[in-house]
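Presented below is the structure to which this report refers.
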Amino acid sequence: MSDTTKMSGDKAEVEDGMKPNVVFVLGAPGSGKGTQCSLITSKTNFVHLSAGDLLRQECATSGSQYGDLIASYIKDGKIVPVEITCSLLEKAMKMSGKEYFLIDGFPRNFDNLQGWINQMGHKTDFLFLLFLQAPEDICVERILSRGATSGRIDDNADSLKKRFQTYLHDTLPIVKFYEDKGLVRSVDSTRPMQSVHEDVMAVLREVVSKDGLFENDLLAH
Ligand SMILES: Nc1ncnc2c1ncn2[C@@H]1O[C@H](COP(=O)(O)OP(=O)(O)OP(=O)(O)O)[C@@H](O)[C@H]1O
Ligand SMILES: Nc1ccn([C@@H]2O[C@H](COP(=O)(O)O)[C@@H](O)[C@H]2O)c(=O)n1
Ligand SMILES: [Mg+2]
């Protein structure tokens, strides 16, 4: 199942050997993407790559030519140009040397999606999009309490308002895009973390057993 490859037109040539398998993880700010990805990695051979974390790391790297730009996008809840984000993701994937990736917080808009298709579509196999569902009031409460200790420049009421606007306007259409292709698996993320995790693992097992290719590899940790 490689819809990004299929969509990539003339870049859809099949390469020899195993391509990295990718699950995109989306949901509102504070829906629990990072939390659930960490729980998955504790039980599987998935590598968790958070686009937001990679951007924050780049921002904190002294001498980075993109540091100021990234910081201002993050504070305003805007989506950083895909060339930057996609390169950070590709570098992290290569450095890990692994085959299964949870890409958390990506693609956040159509610029992200097109950039991924151009740069990574032909190099990866897309499995499905995991969508964590939680309403805004719950997410806001979670993020504002996380803000007390996170040190994130966007965990405040002002940035959060902008992040939600971006989510509704730019990110939900991406979820819809994959939903129309039957490639979204939604999980109710309002429940306690461990219950959400059980549902997420059930989704993963189902996808894995359908595929049949990598059960031992992926779930036997
Ligand atoms: N199911 C849950 N129940 C209660 N609190 C949760 C749950 N899942 C996550 N949290 C808490 O909510 C906060 C946000 O979670 P997390 O960082 O995983 O969200 P996120 O979707 O990655 O957010 P962001 O988009 O801002 O990076 C954290 O403080 C986390 O501990
Ligand atoms: N694909 C992405 C992902 C994130 N950003 C920026 O980082 C901010 C924080 O993202 P989290 O997933 O950690 O909440 C986000 O609001 C964006 O400013 C991005 O540009 N592109
Ligand atoms: Mg996160």
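Here are a few things to note about the model shown:
- P(r) weight above 20 Å for the stretch 48-109, C-alpha pairs, percent: 22 percent
- Divided by 2.2 N^0.38 Å, where N counts the residues, the Cα radius of gyration of the chain comes to 0.98.
- Between N45 and N156, full extension at 0.36 nm per residue minus the direct alpha carbon distance yields a gain of 36.6 nm.
- Multiplying the residue separation of D111 and Q65 by 0.36 nm and subtracting their alpha-carbon distance yields 14.5 nm.
- On full extension, the segment bounded by D76 and K94 gains 3.5 nm, given 0.36 nm per residue less the C-alpha separation.
- Flagged links, alpha-carbon separation over 27 Å, of K78/K98; K123/K176; K43/K176; K33/K78: K78/K98; K43/K176
- Rel. contact order, % - alpha carbon contacts under 8 angstrom, at least six apart, the chain: 34 percent
No lab work stands behind these numbers, since they all come straight from the coordinates. All values derive from a computational prediction rather than experimental measurement.
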